[in-house]
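Asker: Please find one structure pasted underneath; my questions will follow.
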Amino acid sequence: MKIIQLTDTHLLPPGATVHGVDPEAHLRAAVADILEKHRTADLLVITGDLCNDGDPQAYALLRDILQPFTCDIRLLLGNHDSRPAFTAAFPEQPRDENGFIQSCLDTPFGRLLFLDSHGAGIIGGIYDESRLTWLDDALAGAGERPVTVFVHHPPVHSGIAHFENIEMHDDGQMLQRLAAHPAGIRHIVFGHIHVPLSGSSATGIAYSSGQACSHKFITDIDAPDPFWTAGNPCYRIIHIDDNGFRAYAAEVGETRTGRTGPCEGP
Ligand SMILES: [Fe+2]
């Protein structure tokens, strides 16, 4: 199956900018590219920080921009989002019995989990007891199927100085629960850090982030105060199939310096 991941779209009311970027222009450019090249995608996931300040106008704008998609859509909350404004704008998005924006999707290639790590007024991730209970049930329900996780905050140590105090504030509970799933975790897909990162946990769970669609950091893992850059609108194409999991980074508006021909080998 083909999944498109967008992350950290940071929408504002029309015309407003954030760190030198018009987030609406970036998202509209990414969406146009996705609709041109990936109309066959099975699922669109936005892994949080949908909107920058949680304005109802920004969620309405997001709804308008996503209107052309005909595939399944799952929207996750990040620290910049507002759960009340989001649920008012997207009442059809699935949530758990406690109102958290969490859901499962069963596919021929295992169970996908969409987790809610938003805590109002907190920059890092929150994953408290009621959410852990939901996760335990969702993992038990997966049974012998592998699981792929989508969440805004990385439940792993990023090693990036700027994020040292704003990672998942769960004492490793989410990662421990995932590591105990007998059928394995195919991948943890997240956002939050605005730069591309890939790695594996101490227990061997693979993870990676999408690059922000809106503003990014110039990668400087040791700087607590790194520089912002606009960069290009970004998204990822994720394939999950009999060969496993693969994620491809895509950028819109790259400079073309030439064209290669087919490579016939050997
Ligand atoms: Fe963000």
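Asker: Determine the order of R259, R131 by accessible area, beginning with the largest, at a probe radius of 1.4 Å.
Answerer: So, going from the largest accessible area down, we get R259, R131.
Asker: Oh, and also: Normalised by the residues of the chain, what does the relative contact order come to in percent, with Cα pairs under 8 Å and at least six apart?
Answerer: 20
Asker: Assuming R0 = 25 Å, what is the FRET efficiency of E164 and W228, from their Cβ-Cβ distance, to the nearest 0.05?
Answerer: According to the calculation, E is roughly 0.85.
Asker: Express in Å², to the nearest 10, the accessible area of V149 obtained by rolling a 1.4 Å probe over the protein heavy atoms while all chains stay in place.
Answerer: Counting only protein heavy atoms, V149 exposes about 0 Å² to solvent.
Asker: Would you mind counting up the charge near G110? Only other residues with Cβ under 13 Å from its Cβ, with Lys and Arg at +1 and Asp and Glu at -1.
Answerer: Result for the neighbourhood of G110: -1.
Asker: State the extension gain, in nm to one decimal, for the chain segment bounded by A249 and L35, taking 0.36 nm per residue of separation less the distance between their alpha-carbons.
Answerer: Here the answer is 75.4 nm.
Asker: In what sequence, largest accessible area first, do D241, D136 appear using a 1.4 Å probe?
Answerer: Ranked list, largest accessible area first: D136, D241.
Asker: Further question: Could you please put D53, D33, D220 in sequence from largest to smallest accessible area, using a 1.4 Å probe?
Answerer: So, going from the largest accessible area down, we get D53, D220, D33.
Asker: Rounded, prolate or oblate: which fits the chain when a ≥ b ≥ c are the square roots of the eigenvalues of the alpha-carbon gyration tensor, with rounded for a/c under 1.5 and prolate only if a/b beats b/c?
Answerer: rounded
Asker: So how exposed is F109, as accessible area in Å² (1.4 Å probe, rounded to 10)?
Answerer: That residue has around 50 Å² of solvent-accessible surface.
Asker: With the other protein chains left in place, how much accessible area per residue, in square angstrom, belongs to the chain at a 1.4 angstrom probe?
Answerer: Ligands and nucleic acids excluded, the figure is 45 Å² per residue.
Asker: Still on this structure, I have one more. Want the number for R63 to R95: 0.36 nm per residue separation, take away the alpha-carbon distance, what's left?
Answerer: In short, 9.8 nm is gained.
The values are calculated or read from the model by the stated rules, or taken from the named source; none is laboratory data. These numbers come from a predicted model, not from an experiment. Note that we place each Cβ from the backbone using ideal geometry, even for glycine, and neighbour counts take in every protein chain shown. Only protein heavy atoms, including side chains, enter the accessible area calculation; ligands, DNA and RNA are left aside. Shrake-Rupley method; radii C 1.70, N 1.55, O 1.52, S 1.80 Å.
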